[in-house]
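First up is the structure itself, then whatever we jot down about it.
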Amino acid sequence: MDDGFYESLEHDYRLTGFQAATKDTEDHFVRATISDDMFVPMADHHSADGLDSYLLFYDRAAIWDAPGQAEFVALHITRTPEQSTFDFATQRAPVVPLAQYWLIQRGCPPEATLPTRNHGPRPADALTSRLEDLLRTNPENRYEVLDHCTDNPGTFDFGTEVRTLIYDHHPDSATAPYRLFLEEADKNFQMYTMREGAFATAEAADTWAMPRSAPLPQPPEPPSRTTPRAHAARARSAGPGPKHLAVPPAPVAAPRTPPSTSPHPHGGMR
């Protein structure tokens, strides 16, 4: 898609007739949108009563920011018509599902966070979509984002890679609660995969991310919640031959060495 297309984009903040609620709000909004000519709109929703707007962007300028900068921007604008004022909140996210989760938590209908414009690569397989659904919905608030790093070389010679370190509070993950969600886009930016690795400590995840001398450790199988009788029935009904996963985990290749970012205070990504 050519630069002329991007330059023609205008963002529907719907702030005509409104002013910032405070001087701090005005200053923060200017800083948050100062380079919005580089924002590519992905999804937006405006409430029927006109009080709320939810917007999701891809920030093309992030590549020139600090190394590892998250490239997706979620924006929530709230309006007070009686006073003709507005306030807002914004959040950067390393991957789309986490930006969507933030918007949903602030009141955006989940279906309205789905990208409506044909920008960017597509999920390569069902496992990628399933993991994205988990991050988007964050069932029972099980996931806590600790750190993240985006490696975008800005060239078609290589794809992009995003590493998101998450603490999984689910009891079934107690033995390996540090989860590394690894998103890799191909160099043509047509498809991407997401895979989940499991580690006992944040340091172990950080160590794995650097040399890539071993495959991404797969999450352990959750403890079975079926009864012994059900196990016996399943064994009797199982036919001969190997058991196959519905979606086999793809091996994670060892890419180029990613750039370093500042360590998280709890032992985050490098």
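Under the rule a/c < 1.5 gives rounded, and otherwise a/b versus b/c splits prolate from oblate, where does the range 1-117 land using the Cα gyration tensor? Prolate, because a/c is 1.5 or more and a/b exceeds b/c.
For Phe156 and Met38, a Förster radius of 22 Å and the Cβ-Cβ distance give a FRET efficiency of 0.70, rounded to the nearest 0.05.
Once you reduce the range 110-129 and the range 136-169 to the center of their Cα atoms, the two points are 15 Å from each other.
Here each label is just a point 7 Å from Cα along the line to Cβ, and for His169 and Asn141 those points are 0.5 nm apart.
Counting every other Cβ atom within 10 Å of each residue's Cβ, Ile166, Ile104, Ile63 order from fewest to most as Ile63, Ile104, Ile166. Under the simplified labelling scheme, the Asn188-Leu15 pair shows an inter-label distance of 4.1 nm, with each label point 7 Å from Cα along Cα→Cβ.
Calculated FRET efficiency, His46 to Thr85, Cβ-Cβ distance, R0 = 25 Å: about 0.90 to the nearest 0.05. For Gly159, the residues whose amide H sits under 5 Å from its own are Lys187, ignoring neighbours fewer than 5 places away on the same chain, with H placed 1.01 Å from N. In this structure, Ser129 and Arg31 have a Cβ-Cβ separation that, at R0 = 41 Å, corresponds to a calculated FRET efficiency of about 0.75. With θ taken as phi - 60° and the Karplus curve 6.51 cos²θ - 1.76 cosθ + 1.60 applied, the whole-hertz 3J(HN,Hα) list for the range 85-96 is 10, 9, 10, 7, 9, 9, 8, 8, 9, x, 9, 4 Hz, x standing for glycine and proline. Dipole orientation for the range 1-119: of the candidates Trp64, Gly17, Trp102, Trp102 has the Cα lying most toward the positive pole (charges on Cβ; Lys, Arg +1; Asp, Glu -1). Going 7 Å from the Cα of Arg212 toward and past its Cβ, which residues in the range 174-198 have a backbone nitrogen under 20 Å from where you end up? Those under the cut-off are 179-198. Listed from fewest to most Cβ neighbours within 10 Å, the set Phe156, Phe181, Phe39 follows the order Phe156, Phe39, Phe181.
Coordinate-derived values only; no laboratory data. Since we're looking at a predicted model, the values are computed, not measured. Cβ atoms come from the backbone with ideal geometry, glycine included; neighbour counts cover every protein chain shown.
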